[in-house]
Structure formats: structure tokens, C-alpha cells
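Below is the structure I would like to discuss, written out as C-alpha cells.
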Amino acid sequence: GERILQDAIALEQAGAFAIVLEHIPPDLARSITQKLTISTIGIGAGPNCDGQVLVTADLLGLSERQPPFAKSYVNLREVITQAVQEFSTEVRSGKFPKDP
């Protein structure tokens, strides 16, 4: 953890305006956030960063496998798969499209 903290400080000193902390222990993220004056953005780093980000595909449930820290708010993968299967079935059966 000390190396990550020192790297974060070095990034700030080098002129970074923010850093992303990904999949690190929440206590380390808190420590880094408290020591820096620039913003920390967490992704799987606990609730104590200045902001949070989540990969859109994970958030929408599109990922086949997602990181253990990610959360899906909907399972669009399932919804999309069902819609495409229904479309395919209707096209093959002649149910879609219909003449106007």
C-alpha cells in the first residue's frame, strides 16, 4: 500500500488533476484521498474516494463476467438476448415483417 500511496503523491506533484483508484483496499483509498489535494475517483476502491465510476457495460448488466466490486443495476444482456431471439423467430416464421 505504501508504494501506491507514494505513486499517488508523485502523480499529484507531477501535475495530475485527478487519479483513479481501482480495486484497492478501501482503507488505502481513504488514506490516499485524505493525503491528496486532487480528486480521487474510485472503481472498486470503497466509498471514501471523492467520486465513483463504474464501467457502463457492468452497470447495465452487459458483461458476461464482471469484477467482484462491480454492480449491475439491470440485466440488459438478458433483455437484449431475448429481444434478438424473438426477432429472429418472427423473421424465420414469416410473422415479421408484415406488408403495410
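The values are calculated or read from the model by the stated rules, or taken from the named source; none is laboratory data. These numbers come from a predicted model, not from an experiment. All Cβ positions, glycine included, derive from the backbone under ideal geometry; neighbour counts span all protein chains shown.
How about the stretch 62-84: which of its residues are in contact with an Asp or Glu (Cβ under 9 Å, 6 or more places away or on another chain) and farther than 16 Å from ILE43 by Cα?
Of everything in the stretch 62-84, just one residue is in contact with an Asp or Glu (Cβ under 9 Å, 6 or more places away or on another chain) and farther than 16 Å from ILE43 by Cα, namely ARG77.
Still on this model: Only residues that are among the small types (Gly, Ala, Ser) and crowded, with 17+ Cβ neighbours inside 10 Å: list them for the stretch 5-29, please. Don't jump to the end; show me each part of the working.
Filtering the stretch 5-29 down to residues among the small types (Gly, Ala, Ser) leaves 8, 10, 14-16, 18, 29.
Of everything in the stretch 5-29, those that are among the small types (Gly, Ala, Ser) and crowded, with 17+ Cβ neighbours inside 10 Å turn out to be ALA8, ALA29.
Quick one: is PHE96 surrounded by 11 or more Cβ atoms within 10 Å (Cβ to Cβ) and within 31 Å of the chain's Cα centre (by Cα)? Steps first, answer last, please.
Numbers: surrounded by 11 or more Cβ atoms within 10 Å (Cβ to Cβ): yes; within 31 Å of the chain's Cα centre (by Cα): no.
Spelling it out, it is not the case that PHE96 is surrounded by 11 or more Cβ atoms within 10 Å (Cβ to Cβ) and within 31 Å of the chain's Cα centre (by Cα).
Under the condition of being touching a Leu at 6+ places or on another chain (Cβ under 6 Å) and within 29 Å of ARG77 (Cβ to Cβ), which residue from the stretch 30-48 is surrounded by the most Cβ atoms within 10 Å (Cβ to Cβ)?
Across the stretch 30-48, the extreme among qualifying residues is GLY42.
Give the stretch 24-71 a look and list any residue that's on the phi < 0 side of the Ramachandran plot and small (Gly, Ala, Ser), or say none. Please lay out each step first, then the result.
Our first condition is that a residue be on the phi < 0 side of the Ramachandran plot; within the stretch 24-71, this holds for 24-43, 45, 47-60, 62-71.
Hits for the stretch 24-71 are ALA29, SER31, SER39, GLY42, ALA45, GLY51, ALA57, SER63, ALA70.
From the list ILE32, ILE9, ILE41, ILE24, which one is aliphatic (A, V, I, L, M) and touching an Asp or Glu at 6+ places or on another chain (Cβ under 9 Å)? Walk me through it before giving the result.
Numbers: ILE32 fails: touching an Asp or Glu at 6+ places or on another chain (Cβ under 9 Å); ILE9 fails: touching an Asp or Glu at 6+ places or on another chain (Cβ under 9 Å); ILE24 fails: touching an Asp or Glu at 6+ places or on another chain (Cβ under 9 Å).
None of the others qualify; the one that does is ILE41.
Output the helices (runs of 4 or more DSSP H) that fall wholly within the stretch 14-100 and possess 3 or more residues being farther than 30 Å from ILE4 by Cα and not assigned by TED's automatic domain parsing to the domain that holds GLU2, or say none.
So the answer is 76-93.
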